[in-house]
Amino acid sequence: MLQVRNVRADDKRRDTLATEVSSGIGEVNEKLRQSEVRSIVAFCSNRAETLRFALLPETDFKKLIREATWDTLTAIYNLLTWRDGWNGYDACAPKYNAVVNADKWIEQLYLVVMSLHGNWIKPNVTASADGDVVFEWWHGTKKLTVYIGEQSAEYVKVWGLNTDSDMSDGDAESISTCRLLWLWLVS
Amino acid sequence: MDKTPITDDEVLYRRVPNDTNFCKIIDGKIEVSSQAFSDRSLRPSVDRAKLRENDPRRTQRKPSDGVVSVATRDVRATSNLVQNDKDGKPIQSFTVDVEHVPIFNDPVEPNNPAHAEIYTIPMCDKKVFRKLIERLAQLARGRWEIELLH
């Protein structure tokens with residue numbers, strides 16, 4: 001009985017989150033928001049942390065970031081509607097905690113990109129057969145894949161066909177690594 | 001049906017279901033996601049084209065499924081698959097092969113005499129497998145036998 005109740009609670013939680021991100025915003029609005037976030041990040045990076053809250057309430061800042069990444073967040077939470085076998089083979093459904101972790105990670109990356117005065121590139125959002133959330137970016141001859149697990153973030157960089165000399169991998173959890181990965185991707 | 005050897009010149013089909021975000025159009029080109037080859041047991045399933053009468057529609061489960069192909073020779077040519085230690089030093093190298101694994105009377109899967117699996121020798125870990133599927137996605141690039149509907 002307890003199991004049934006837990007399953008129902010999980011389903012309800014998934015439905016709520018899927019509904020929460022069910023609408024989108026226009027591309028123009030997105031660019032404006034991106035510009036706004038970039039300005040705030042630049043302003044805050046030159047001042048004491050406390051000034052940030054005097055300038056703009058944290059909740060508003062967070063809302064701005066979420067609006068700017070709305071399409072990606074929608075794609076992330078949409079993964080919760082995928083069930084076992086979603087890839088036509090034996091994949092397990094994307095894990096709830098991986099989805100939540102992916103939401104946090106993409107927000108962190110977005111802030112990193114804004115702090116670099118870069119332009120946000122929307123990732124392709126899908127899942128691995130193990131239920132991790134997977135972000136992918138293609139830029140020229142470069143490809144970046146990031147696997148977000150329940151408690152992990154790992155990357156694979158690809159710049160050619162050779163699996164040894166043209167690919168590398170590692171942890172993608174820290175801000176400094178996110179920064180390096182993005183700089184590599186767009187360089 | 002007995003297992004038969006797969007020759008280098010054989011084409012292999014991989015089904016790519018719709019609504020999985022397994023492809024993305026970048027600058028007019030369709031990029032294939034590495035996750036199109038993701039597999040929990042680290043042995044991606046493929047169909048031997050010649051045992052499907054070279055008809056990729058026979059690999060589809062649903063009419064909306066896409067199908068990509070790779071050449072067996074290219075898969076086997078994955079010669080630099082290496083597992084490194086935390087300092088980046090190689091500790092194990094792997095070769096890649098494809099074997100015929102026909103499916104009959106499986107409790108879940110439909111019968112499939114063309115079924116084959118891509119695998120590493122020895123069996124690799126998840127990190128190495130992630131590099132392998134990046135290569136498979138690159139090999140499948142531009143080889144849509146049946147394109148996904150956008």
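The values are calculated or read from the model by the stated rules, or taken from the named source; none is laboratory data. None of these values were measured; they are calculated from a predicted model. Don't worry about glycine lacking a Cβ; one is built from the backbone with ideal geometry, like all the others, and counts go over all protein chains shown.
Of the set (1) facing chain B (nearest Cβ under 9 Å); (2) closer than 24 Å to residue A:28 by Cα, all apply to residue A:135 but (1). Name the single residue, out of those in the stretch B:105-150 being closer than 15 Å to residue B:15 by Cα and of a type in the set (Lys, Arg), that is nearest to the other protein chains (Cβ to nearest Cβ). Applying the filter and picking the extreme gives B:141. Of all the criteria given as (1) in a loop (DSSP other than H, G, I, E, B); (2) within 10 Å of chain A (Cβ to nearest Cβ); (3) within 30 Å of residue A:93 (Cβ to Cβ), the one not satisfied by residue B:86 is (3). Residue pairs whose Cβ atoms lie under 9 Å apart, separated by 6 or more positions or on different chains, with the first residue in the stretch A:159-187 and closer than 18 Å to residue B:126 by Cα and the second among the acidic types (Asp, Glu) and in a helix (DSSP H, G or I), are A:163/B:134; A:167/B:134.
For the stretch A:149-163, the set of residues classified as surrounded by 15 or more Cβ atoms within 10 Å (Cβ to Cβ) and either within 13 Å of chain B (Cβ to nearest Cβ) or not in a strand (DSSP E or B) (or both) consists of A:149, A:154, A:155, A:156, A:157, A:158, A:159, A:161, A:162, A:163, listed by residue number. Of the residues making up the stretch B:1-45, those that are closer than 24 Å to residue B:63 by Cα and either at the interface with another protein chain (Cβ under 8 Å from one of its Cβ atoms) or crowded, with 16+ Cβ neighbours inside 10 Å (or both) number 25.
Condition check ((1) loosely packed, with under 11 Cβ neighbours inside 10 Å; (2) small (Gly, Ala, Ser); (3) farther than 27 Å from residue A:151 by Cα; (4) modelled with pLDDT under 75) across all residues:
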{"position": "A:6", "(1), (2), (3), (4)": "yes, no, no, yes"}
{"position": "A:15", "(1), (2), (3), (4)": "no, no, no, yes"}
{"position": "A:21", "(1), (2), (3), (4)": "no, no, no, yes"}
{"position": "A:25", "(1), (2), (3), (4)": "no, no, yes, yes"}
{"position": "A:28", "(1), (2), (3), (4)": "yes, no, yes, yes"}
{"position": "A:33", "(1), (2), (3), (4)": "no, no, yes, yes"}
{"position": "A:44", "(1), (2), (3), (4)": "no, no, yes, yes"}
{"position": "A:54", "(1), (2), (3), (4)": "yes, yes, yes, yes"}
{"position": "A:84", "(1), (2), (3), (4)": "yes, no, no, no"}
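For the stretch A:102-132, what are the residues that are within 14 Å of chain B (Cβ to nearest Cβ) and closer than 23 Å to residue A:87 by Cα? First the steps, then the outcome.
Kept after step one, since they are within 14 Å of chain B (Cβ to nearest Cβ), are these residues of the stretch A:102-132: A:102, A:121-132.
Once the filter is applied, which keeps residues that are within 14 Å of chain B (Cβ to nearest Cβ) and closer than 23 Å to residue A:87 by Cα, the stretch A:102-132 yields A:102, A:122, A:123, A:124, A:125, A:126, A:127, A:128, A:129, A:130, A:131, A:132.
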